[in-house]
Amino acid sequence: FDPSRNDILLERMLSLDFSDAYALIRILNIVATYLRSLKDPPNNELLLAFLYFSISQSQHREKDVKYYATLCLIELSKFDLTKRLALIHLLQLMDTGSHTTKIAIIPRIKMINDPDDAYITQIVNKGKADNNYLVRYVAVRENQVDI
């Protein structure tokens, strides 16, 4: 994760063949791991590129690609620059996503520290009111104490 190699990561990320699910999963996993390891936010250009890429891949047809894109969005919600857009998209995924995507979001929502937790509360409430039993179960189990 050498900062001098950010351009190489961006180039590979944006030049991928979107039909190659395995390569997309690898890149999304690298991005999520990179974001998880950061102490200080990287430059704005890099964060915005990760946000754009994660949002676009969260609409992919492969569920594993969607899962790793969701993990990236959760990691991106830790930075002030990308927090609001990432939370808005996570909220939309609670409406349109599969049950596996929703179950990936709900337990990890606690990792987001946001003093204005309106989006987080909405995500949890959507999970509690979902029509899938497993999503409701996870939402209630993971959020015993209301946010």
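The values are calculated or read from the model by the stated rules, or taken from the named source; none is laboratory data. None of these values were measured; they are calculated from a predicted model. Neighbour counts run over all protein chains shown; Cβ positions are idealised from the backbone, glycine included. Accessible surface is based on the protein model in full, side chains and every heavy atom, while ligands, DNA and RNA are left aside. Shrake-Rupley method; radii C 1.70, N 1.55, O 1.52, S 1.80 Å.
Note down the net charge around Leu38, summing +1 for each Lys or Arg and -1 for each Asp or Glu among other residues with Cβ under 12 Å from its Cβ.
Details: positive: Arg36, Lys39, Lys78; negative: Asp40, Glu75.
Taking every Cβ under 12 Å from that of Leu38, the sum is +1.
Of all the stretches in the chain, which is the longest one without any exposed loop site, taking chymotrypsin sites (Phe, Trp or Tyr not before Pro) in a DSSP loop (any state but H, G, I, E, B) with at most 16 other Cβ atoms within 10 Å?
Details: sites that count: Phe1, Phe18.
Result for the longest clean stretch: 19-147.
What is the chain's relative contact order, in percent, from Cα pairs under 8 angstrom and six or more apart in sequence?
On the way: 145 pairs, mean separation 25.4, N = 147.
That works out to 17 percent.
Binned at 10 Å from 0, what are the whole-percent values of the Cα-Cα distance distribution for region 22-79, short to long?
Calculated over all Cα pairs of region 22-79, the distribution is 26, 58, 15, 0 percent.
Of the residues Met111, Met13, Met94, which exhibits the maximal mean-square fluctuation in a Gaussian network model of the chain defined by a 10 Å Cα contact cut-off?
Most flexible of the set in this elastic network: Met111.
Roughly how many nanometres apart are two label points built 7 Å out from the Cα toward the Cβ at Ser98 and Ala118?
3.3
Any idea of the accessible area per residue across region 1-60, 1.4 Å probe, to the nearest Å²? It would help to have the intermediate numbers written out before the result.
Details: 3670 Å² over 60 residues.
Heavy-atom SASA per residue in region 1-60 reads 61 Å².
Which shape class, rounded, prolate or oblate, goes with region 61-141 when its Cα gyration tensor gives a ≥ b ≥ c as root eigenvalues, a/c under 1.5 marks rounded, and past that a/b bigger than b/c marks prolate? Before the final figure, lay out each step's value.
Working: a/c = 1.93, a/b = 1.22, b/c = 1.58.
In terms of gyration-tensor shape, oblate.
Cα extents of the chain along the three principal axes, largest first, in whole Å?
Principal extents (largest minus smallest coordinate, Cα): 44, 34, 19 Å.
Tilt of helix 133-142 relative to the longest C-alpha principal axis of the chain, in degrees (0 to 90, nearest 10)?
90
With a Förster radius of 30 Å, plug the Cβ-Cβ distance of Tyr137 and Leu16 into 1/(1 + (r/R0)^6) and report the FRET value to the nearest 0.05.
Numbers: r = 36 Å, r/R0 = 1.19.
That pair, Tyr137 with Leu16, gives E of 0.25.
Filter the trypsin sites (Lys or Arg not before Pro) in region 23-68 down to the DSSP loop ones having no more than 10 other Cβ atoms within 10 Å, then list what survives. Don't jump to the answer; show the numbers that get you there.
Working: sites: Arg26, Arg36, Lys39, Arg61, Lys63, Lys66; in loops: Lys39, Arg61.
Those that pass, being in a loop and sparsely packed, are Lys39, Arg61.
Counting only pairs 8 or more residues apart or on different chains, how many lysine pairs in the chain have their Cα atoms under 27 Å apart?
Close lysine pairs found across the chain: 29.
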